[in-house]
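Asker: Before we start, here is the structure in question, set down as structure tokens.
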Amino acid sequence: MFTKIRWRLTFLYSGFMGFFLLAFVVSTYFGLSWVVYSNEKDEVLLFAEEEAREHAAVMMHGELLQQAFQDQENRDMGRMFAYAFDNTGKMITAEKPNSVVEDAVLDEIAHWNAPMGEVVRLPVDLPNTDKDLLMMLVALPVMHGEEQLGTVYVGRDSSQYYQLLQTLLYILVLVSLVFLLVASAGGYIMAGRAMIPIKKSYERQRDFVADASHELRTPLSVLMASVEAVQAEQQNEEQGFVRQVLADMKDEIRRMTRLISDLLTLARADAAVINLFKENFDLVPLVEQAVRAMQHLAVEKTIKIDFSAAETSLLIFADKERINQLLLILLDNGIKYVPAGGRVVVNLERAAKAEEVVLGVTDNGPGIPESEQAMIFERFYRMDKERSREMGGSGLGLSIAKWITEAHGGTITVKSRPGQGASFIVTLPRAF
């Protein structure tokens, strides 16, 4: 139990750390991307404005065009490039980019539909490689006063920065994963240390229950023997009130004895000191015997118990005494909550898996709400506490039933709807 809790705490801690690391990586990546994009955009716009002013002078003085073409051949543009066109669409000057991307840039310019001054991104696929380049382009009019002389298209190769961002993203993810693993290991260690006082407290509680159960059984046995002795003495006397009081005391002692026995069973189960004496035996006659044993309770409430088995013999490998206890718990539970004149049906069959046997106990009682079905196997849990006390229920029976089933490698589930009864389905391993 504590191992499961420790792992759950570790997973919960790791989940929170993973969420915050993911938020950090995403916010960092997109934040840096926005900063890079903003800086690149501003630089492209500034360069485009400069180019527009220069080309206004060039276009106003035609004799300068030839000189402009000669000057641009010797001009180092770095990652920048620019094209200038007059109003007829004729290229005036060209400060060309890398030849690999020139065709893509000219095609984008030919189909330009973005507003003037708006920077656009142009991804370019490099042939025969799996790499992409990212260009940033902007168009500005070449103006002389109120007259537009042409248009300049200015761009910049921003691939280097975005490739750097991609590398940074991979590094952030890798570092975050390493940090998450380290944090998870630290969380596991811290959860283990945090569980130490809880575990000690639980062990003290378990020891208390076990010791209290042992200590209470002896005086209860003495009380029961004393009541029986007094009752035997009073059998021949006409003291009805005394006999009734003694009978009530006897019933209460039986109830307390059952409660203490249940507590002791669970305490031993928690301490893993109960040994199961497994053997191969036929489950069919054991179920028949349990049904006969519970008939007197069913008759008192005019409840009918039906039993049917798909086969005349179904061998299982289990502790016979514990399986009998499981059967009595399920039958007693059904009889308790079925109204007078109701019915409890016991079915026994081979499971779809040949290695298992399925036992079903179905009643037509009030049913169990779906919201409470996951909790009915918890200790001391009772849906209707007042009614359970009136019927002598302690809220431990189904917890013991679950422990017996799981100790044998089986499962126990419940299917129910309010007003339509409940079905408890148990699977147990067959004999080898």
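Asker: Tell me, which residue of the stretch 30-88 that is closer than 22 Å to Gly150 by Cβ and among the hydroxyl-bearing types (Ser, Thr, Tyr) is modelled with the highest pLDDT? Reasoning before the result, please.
Answerer: Start the filter on the stretch 30-88 by keeping residues that are closer than 22 Å to Gly150 by Cβ, which leaves 44-73, 75, 77, 80-88.
Of the ones still in play, those that are also among the hydroxyl-bearing types (Ser, Thr, Tyr) are 83, 88.
Working: Tyr83: 88, Thr88: 84.
My answer is Tyr83.
Asker: Mind counting the residues in the stretch 1-56 that are surrounded by 12 or more Cβ atoms within 10 Å (Cβ to Cβ) and closer than 17 Å to Val152 by Cβ?
Answerer: So the count comes out to 14.
Asker: Okay, moving on. Residues of the stretch 333-372 being charged (D, E, K, R), crowded, with 17+ Cβ neighbours inside 10 Å and part of a helix (DSSP H, G or I), which ones?
Answerer: Lys336
Asker: Which numbered condition in (1) part of a strand (DSSP E or B); (2) closer than 18 Å to Asn87 by Cβ is the only one that Met135 fails?
Answerer: (2)
Asker: Exactly one condition in (1) more than 20 Å from His408 (Cα to Cα); (2) at pLDDT below 90 is false for Val344; which is it?
Answerer: Just one mismatch for Val344, condition (2).
Asker: Among (1) surrounded by fewer than 17 Cβ atoms within 10 Å (Cβ to Cβ); (2) under 20 Å from Ala431 (Cα atoms); (3) modelled with pLDDT of 90 or more, which single condition is Phe277 missing?
Answerer: Exception for Phe277: condition (3).
Asker: Name every residue in the stretch 290-320 that is surrounded by 12 or more Cβ atoms within 10 Å (Cβ to Cβ), part of a helix (DSSP H, G or I) and out of contact with any Asp or Glu (no Cβ under 9 Å at 6 or more places or on another chain), in order of residue number.
Answerer: Of everything in the stretch 290-320, those that are surrounded by 12 or more Cβ atoms within 10 Å (Cβ to Cβ), part of a helix (DSSP H, G or I) and out of contact with any Asp or Glu (no Cβ under 9 Å at 6 or more places or on another chain) turn out to be Ala290, Ala293, Gln295, Ala298.
Asker: Give the residues of the stretch 89-118 that are of a type in the set (Ser, Thr, Tyr) and either over 17 Å from Thr151 (Cβ atoms) or assigned to a helix (DSSP H, G or I) (or both), sorted by residue number. Walk me through it before giving the result.
Answerer: Taking the stretch 89-118 and keeping what is of a type in the set (Ser, Thr, Tyr), we get 93, 99.
Correct list: Ser99 only.
Results for (1) touching a Leu at 6+ places or on another chain (Cβ under 6 Å); (2) of a type outside the set (A, V, I, L, M), shown as yes or no for each residue.
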position: Leu149; (1), (2): no, no
position: Val152; (1), (2): yes, no
position: Arg156; (1), (2): no, yes
position: Ser159; (1), (2): yes, yes
position: Tyr162; (1), (2): yes, yes
position: Ile171; (1), (2): no, no
position: Val182; (1), (2): no, no
position: Ile196; (1), (2): no, no
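Asker: What do you reckon, is Ser14 modelled with pLDDT of 85 or more, hydroxyl-bearing (Ser, Thr, Tyr) and over 23 Å from Leu149 (Cβ atoms)? Don't jump to the end; show me each part of the working.
Answerer: On the way: modelled with pLDDT of 85 or more: yes; hydroxyl-bearing (Ser, Thr, Tyr): yes; over 23 Å from Leu149 (Cβ atoms): yes.
Criteria met by Ser14.
The values are calculated or read from the model by the stated rules, or taken from the named source; none is laboratory data. The structure presented is a predicted model; accordingly, all values stated were derived computationally and were not measured. Quick reminder, even Gly has a Cβ in these numbers, built from the backbone with ideal geometry, and neighbours come from all protein chains shown.
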